[in-house]
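Input: a single structure, listed below in structure tokens.
The values are calculated or read from the model by the stated rules, or taken from the named source; none is laboratory data. All of these numbers come straight from a predicted model, not from anything done at the bench. With ideal geometry, Cβ positions are generated from the backbone for all residues, glycine too; neighbour counts draw on all protein chains shown.
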Amino acid sequence: MEDVILFLFFAAFTVGCAVNLVLQKHPISSALSLVGVMGALGLIYLQLGGEFIAMAQLIVYAGAIMVLFIFVIMLLNAGVEKGKTRNLWVKYAGLPLLVALIGLIAYIVQNVLPRGPGVNFGAFQHGNAYEIGIKLFETYLLPFEVTSVLILVAIVGAIVLAQKEIK
Amino acid sequence: MNFFVLSLIKAAVVAFVLMTTLAYLQWIERKVIAHIQLRVGPRRVGPHGLLQPLADVIKLLTKEDMLPSHVNKIFYFLAPFIAVFFALIAISVIPFGTEISIGPIKTAMQLADLNIGVLFILGLSGMGVYGVALAGWASNNKYALLGGLRSSAQMISYELPMAMAIAAPLLMLNTLSFRQLVDAQAGYYFGFVPRWTIFQGPFPQIFSFLLFLVAAFAETNRVPFDLPEAENELVAGFHTEYSSMKFASFFMAEYANMVTVSCVATLLFLGGWHPIFPAEYGSKFVPTVIFLIGGLISIYHGLNPARAFDRITLPIAGIVFIAVGAAFLIPIVATILLPLFWFAAKAGVILFLYIWVRGTMPRFRYDQLMRFAWTFMFPIAVVNLFVTGLLVALT
Amino acid sequence: MPQIPTSVPLSWYLILSAILFALGVAGFLFRRNIITVFMSIELMLNGVNLSFITFSYKQGQNDGHIYSFFVMVVAAAEAAVGLAIILTVFKNRQTLEIDEVSSLKN
Amino acid sequence: MQTSTETLSASQQLWLIPIFPLLGFLLNGLFGRRLPKPAVSAIACGSVLLSFVWVLKTLSALGVFSGTLENTYVEHGFTWIQSGALNISIDFAVDRLTAVMLMVVTGVGLLIHVYSIGYMAHEGGYYRFFAYLNLFMFFMLVLVLGANFLLLFVGWEGVGLCSYLLIGFYFLEKFATDAGNKAFIVNRIGDYGFSLAVFLIAAHFGSLDFGKVFSQVKGMPVESSPGWITAICLLLLVGATGKSAQIPLYVWLPDAMAGPTPVSALIHAATMVTAGVYMIARSSPLFLHSAFALNIVALVGIATAFFAATIGLLQNDIKKVFAYSTVSQLGYMFVGLGAGAFSAGIFHLMTHAFFKALLFLGAGSVIHALSGEQDLRQMGGLRSKIPITFVTLMCAGVAIAGVPPFSGFHSKDAILGAAYQYAPWIYWAGVVTAGMTAFYVFRALFLCFFGEYRGSVGKHHHDDHGHGDDHGHSGIHESPAVMWMPLAILAVLSLVGGYINIPKFLEPMFPLAEDSGNEWTAYVSVAFGVGGIALAFLFYVVAPSIPGALERAFRPLYTLVYNKYFVDEFYGATVVHPTVDGSRTLLWRGADVRLIDGAVNGIGKTARAVGGILRLAQSGYIRDYAAWVVVGSLVLIVAMAFMGGAR
């Protein structure tokens, strides 16, 4: 009961923010609504039992990545979009395509997914930091290390790209 | 009793206590700094200016709330709320004491005992950036924008050392729930050295503690890291364009952050509500003695007063003090109050450190600030974390 | 009016993630500001993450959490590089209009 | 004996032994540039000293000195490679063979480190030298301690690398770098064989641990042992010939003398070049199952010993003489191994480490005294000027010449005795070689220390190539104490070292051959040795005119031998130039330019033509591409939905 209400609330919030992201003309509004999406998603993760991943969502996505976005938007002082889109057919074909996409996925999910017990808060116990850590550092150790290297590369690349040209 | 009702009551209590603390924290700050600078500080409103906070609140409430032109209204209004929201919600995972039982009800002195409380705090401190950044951006003022940019950059930069400094004791205590953290710090070495994290083997976390403190100063935009509101460079930083209650909410957010950070430091490093020396050496009489002394002093001042109505106020205060001190002797009350006392004492010490530093230190230059974060604190934090992990792994 | 189920069906989560993904696609297609387009990509990633978590709930294992964790980390790296690229583009062309950046034409 | 059962419950922390030099390397390599020279030398020698002490502690704890260490003591580090059935882990093992090697490597290594302090005092790249030296110690110890073939191989390659770095230490002279490259490339050939052998072992035994492999081998019947064991042994032998400078891969060692003299002493006389011997002795169970391979080992050994000795007769560079002598002595060891007397080979390895290191260090002291002069024709009459060096070198001489009762006599006798039982002709060849050895060593010594001084150092400032920069002060001078103390210690060792009865000590691992009654073998070899000394005395002290006469008499032979049988030229003509030219003409101009480039360009042209058509679809608008992606994915979803996806 409470689960359903909570879920519907957060889902509505998420979708609202997402739509806002798409519709808002100003990048910073979009960025803020994306933050909203992420926060609500984090709460939904909590409901699904993913404590750790919810916090990671909060820290990594909302706390770090989006701040970076907002930072860049502020730096470039990006204003509202102006002018109309050039290739019109995207504009007109896009919405039907979108609806088709959602409808299809919903249809498939409804039909394919075997009927199982629904989600109740606290039913899933494997999402705590301990078990995630065990999984991460035993089963998925190699991917983890590879990811760290990837991040290192990304840092270097970002610095190289963003630095002023040394004349 | 119903969970919701209980939580509501607890929330109300915590909120009230927190608000009062914030208000009087600011009064204490003004007093302390005044005495550091050989002034007397506020003393007009009420005895020793004790009613100053109230006056300030009234002033801020009744001030004209002006809306500058060309601001982005939504975010201009949103920013203070974001700031204060994330600042206040952080307190909800802080445990103030052990389990207590009043009559039939048995509950913890804590709003929510998440078993990822530490991560929660980290996440919120990350979110806190938005308030400042948005305020700076939305209020369409170059000083405000610079302040916002600065503060967000500063917060992001100091987030890393802070997170690492937090991670080190977690490695040793091996939990993410504040309550278990504190429980893991119970007991004493050789009977008298407390097993707090800063004393605990295999690697006493003194470095982490210092790193955490410094990073916390930066996170809360306090002196010497209060670049975002460097008056002499950017008029008032990110809240240049804010007035009345919105300004007050930024103010409140800053102080709430201070309180949160001090509580977190207490829980992580100073053993939470565990007394500084064991009870068999009579630690349970410490609060009594302290309050007694306080009460006697104020009574003494009341007997030969500086001002007329000190004759009335100070003895009353003294009586109250002594009464509180006496309350600590009642066993049932003591079980509830002692942990609170120790917790508050430790957190208070750190808060006093904040004020002390503010009264003492000059402000950094911005480049110095950044260099300090990235070339000094970050490496040390990494090394500290590495050594801790190594020692924990070896033992 | 159908009475509310006591527990949330899994499919709802999946549909939510589908909606998020589709909205991300839409953003990618409709918006002309490079940064917004980029954010739409992040939105898609979030949708995918949600389905990861949901499936891992269904399976009773936390592997899905690991995957979405990796997705986050990679997204962080991607954001760093991508935003750096955007900065450079802006430095060279003084525009964030995605259609101004069409030197790949023919 | 090779069973991997732990003899002791208490861990001996074997990993500390190699770690110390590694730390020294890291310290010196990273910060050495800023450290003062005393600090650098302290770090370098201190690390080696530490590992030496630790070796002593470990061995005594394992009861090596009390002789109670029976079976291998294995210490598991951590799993390194875990793929399928193959499980390779970082294990260190100590048995008696390892014990001997450990003592030799760390002991002699320590002495040479100390010596280097004085020798390199005036050199550039001081810290670099010691860093490399420590790194070499690390890899050598890994090689010796490793409990499986792969770890052995790691050490093997590592010492190869360090040898390359140290040969090319004076990287400003071209010939030094060339010599380094030569050593490296020639070793590659051997390493190739070794790696193939390792693959074969892994394939056939399913493991690389010495314990597992050898216990399996012991299970097999000696007669009717499969052919692949022989193949493994031969490939191992290829590796050994590369590392231990045997025919046909010995050519790199003489050139390796371009490095500083302590390097020649440590790497190219005492330790690294004996790695091949150690490796063959280590895999003795394999070799015992393949008589053919043992034959080859003996043949290679005796041939190398003989030819290298003949070449050594006429060399004029003092270091070259000793280099060829090293090759020849290594040949001796191989003879011992081939004759099945592995313990004798190891015995000779140890004694050789003593006196050959001493010879090189003494030579270095001479060179040091003469400010870099290496040519024997520029020396002479130095015995009064550098007496300590003279005495110590003489000790080394009598030791290597096999004069009883000094160390060389015992080991050489052990080998030759085994050789006689194995095949008399090998014994005779060996005896002749012994004579020649005595001859050329004492020829060098007499030319250096007796007669008139023919050099120019001290008369006027002299700067030789080779070990080029002068030592800051001209004039002939005895070396400082830090240099001659190691000489003295090594001299004592090479005099009495023969009484350390290695064959007895190693008996649990390598059963002794029953003692052949014939004592005369020893007498004959001694006679040849003394004869060689006498001949040298006659030629180069009494009547210095004879050599010239002989040279004129046997001009062609002389030229042949003097030019080392033109082996380098032969290799150059047959291997190197054909390879280079072939690759240049055939591969590059032919294959690369014509075939590959042609193909690539062709593909490129086609791709461009096709792309020309596809290009029309490229609007350049990112969102168009995105739209295409969406359409594609929609199609996919529809397909999934109606092809069973939705049922």
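Suppose we filter region B:95-122 for residues that are part of a loop (DSSP other than H, G, I, E, B) and within 12 Å of another protein chain (Cβ to nearest Cβ); how many remain?
Filtering region B:95-122 for residues part of a loop (DSSP other than H, G, I, E, B) gives B:95-98, B:103-104, B:109-116.
Now drop any that are not within 12 Å of another protein chain (Cβ to nearest Cβ), which leaves B:112, B:114-116.
Within region B:95-122, residues that are part of a loop (DSSP other than H, G, I, E, B) and within 12 Å of another protein chain (Cβ to nearest Cβ) number 4.
Test C:S51 against the stated conditions and say whether it is facing another protein chain (nearest Cβ under 7 Å) and hydroxyl-bearing (S, T, Y).
Values: facing another protein chain (nearest Cβ under 7 Å): no; hydroxyl-bearing (S, T, Y): yes.
Considered against the rule, which asks whether it is facing another protein chain (nearest Cβ under 7 Å) and hydroxyl-bearing (S, T, Y), C:S51 comes out as no.
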| query | Pick from region A:28-60 the residues that are β-branched (V, I, T) and at the interface with chain B (Cβ under 8 Å from one of its Cβ atoms): which of them is nearest to C:I41 (Cα to Cα)? | reply | A:V35
| Residues in region A:1-27 that are of a type in the set (D, E, K, R) and more than 7 Å from chain C (Cβ to nearest Cβ): how many? | 2
| query | How do the pairs read when you match residues in region C:79-94 that are in a helix (DSSP H, G or I) and buried (at least 17 other Cβ atoms within 10 Å of the Cβ) with residues anywhere that are modelled with pLDDT of 85 or more and among the aromatic types (F, W, Y), using Cβ under 6 Å and keeping only pairs 6 or more apart or on different chains? | reply | C:G82/C:F38
| field | Members of region D:121-167 found to be charged (D, E, K, R) and part of a helix (DSSP H, G or I), listed by number | value | D:R128, D:E157
| request: Count, please, the residues in region B:305-357 that happen to be over 23 Å from the mean Cα position of the chain (by Cα) and either over 28 Å from B:T260 (Cβ atoms) or in a helix (DSSP H, G or I) (or both). | output: 30
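Could we say that B:V383 is free of Cβ contacts under 8 Å to residues at least 60 places away in the same chain and either under 28 Å from B:Q200 (Cα atoms) or outside any helix (DSSP H, G or I) (or both) here?
Numbers: free of Cβ contacts under 8 Å to residues at least 60 places away in the same chain: yes; either under 28 Å from B:Q200 (Cα atoms) or outside any helix (DSSP H, G or I) (or both): yes.
So B:V383 passes the test.
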| query | Which pairs do you get when a residue that is closer than 19 Å to D:V635 by Cα and more than 7 Å from chain C (Cβ to nearest Cβ), found in region A:98-123, comes within reach of a residue that is of a type in the set (V, I, T) and not in a loop (DSSP other than H, G, I, E, B), reach meaning Cβ atoms under 8 angstrom, with the pair 6+ apart or on two chains? | reply | A:L104/D:I637; A:L104/D:V638; A:I108/D:I637
| query | Counting only residues that are at the interface with another protein chain (Cβ under 7 Å from one of its Cβ atoms) and crowded, with 24+ Cβ neighbours inside 10 Å, how many does region C:55-65 have? | reply | 3
| So, in region B:43-57, of the ones that are under 24 Å from the mean Cα position of the chain (by Cα) and in a helix (DSSP H, G or I), which residue ends up farthest from B:R307 (Cα to Cα)? | B:V57
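Does region A:114-130 include one or more residues that are out of contact with any Cys (no Cβ under 6 Å at 6 or more places or on another chain), closer than 27 Å to C:E78 by Cα and part of a helix (DSSP H, G or I)? Full working, then the answer.
Step one: of region A:114-130, the residues out of contact with any Cys (no Cβ under 6 Å at 6 or more places or on another chain) are A:114-130.
Next cut, closer than 27 Å to C:E78 by Cα only: A:127-129.
If we keep only those that are part of a helix (DSSP H, G or I) too, we end up with A:129.
Checked against the condition, which is being out of contact with any Cys (no Cβ under 6 Å at 6 or more places or on another chain), closer than 27 Å to C:E78 by Cα and part of a helix (DSSP H, G or I), region A:114-130 yields at least one hit.
Please specify each residue of region D:181-193 satisfying the condition of being closer than 14 Å to D:M272 by Cβ and not charged (D, E, K, R).
First pass over region D:181-193, keeping only residues closer than 14 Å to D:M272 by Cβ: D:183-184, D:186-187, D:190-191.
Hits for region D:181-193 are D:A183, D:F184, D:V186, D:N187, D:G190.
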| remark: Filtering region D:194-224 down to residues that are touching a residue at least 60 places away in the same chain (Cβ under 8 Å), among the polar types (S, T, N, Q) and over 12 Å from D:P285 (Cα atoms) yields D:S207
| query | Mind checking which residues of region B:131-144 are modelled with pLDDT of 80 or more and more than 7 Å from chain A (Cβ to nearest Cβ)? | reply | B:G131, B:V132, B:L134, B:A135, B:G136, B:A138, B:Y143, B:A144
| request: All but one of (1) in contact (Cβ under 8 Å) with a residue 24 or more places away in the chain; (2) of a type in the set (F, W, Y); (3) surrounded by fewer than 15 Cβ atoms within 10 Å (Cβ to Cβ) hold for B:F3, so report the exception by its number. | output: (1)
| field | Residue in region A:148-162 that is part of a helix (DSSP H, G or I), surrounded by 12 or more Cβ atoms within 10 Å (Cβ to Cβ) and either at pLDDT below 85 or touching a Leu at 6+ places or on another chain (Cβ under 6 Å) (or both) present | value | yes
| query | Where in region D:258-351 are the helices (runs of 4 or more DSSP H), entirely inside, with at least 3 residues that are closer than 20 Å to D:Y422 by Cβ and of a type in the set (A, V, I, L, M)? | reply | D:275-282, D:291-313, D:318-338
| task | Could you tell me whether D:Y540 is modelled with pLDDT of 80 or more and touching a Leu at 6+ places or on another chain (Cβ under 6 Å)? | result | yes
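Please count how many residues of region A:61-80 are in a helix (DSSP H, G or I) and either in contact (Cβ under 8 Å) with a residue 12 or more places away in the chain or facing chain B (nearest Cβ under 9 Å) (or both).
Within region A:61-80, the first condition is being in a helix (DSSP H, G or I), and the residues that meet it are A:61-76.
Those left that are additionally either in contact (Cβ under 8 Å) with a residue 12 or more places away in the chain or facing chain B (nearest Cβ under 9 Å) (or both): A:61-64, A:66-71, A:73-75.
Here the count works out to 13.
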| task | Quick one: in region D:128-139, of everything that is buried (at least 24 other Cβ atoms within 10 Å of the Cβ) and over 16 Å from the mean Cα position of the chain (by Cα), which residue is farthest from D:A269 (Cα to Cα)? | result | D:A131
| remark: Per the filter on region C:19-39, residues within 7 Å of chain A (Cβ to nearest Cβ), surrounded by 23 or more Cβ atoms within 10 Å (Cβ to Cβ) and under 17 Å from D:S633 (Cβ atoms) are C:L20, C:A22, C:L23, C:V25, C:A26, C:G27, C:L29
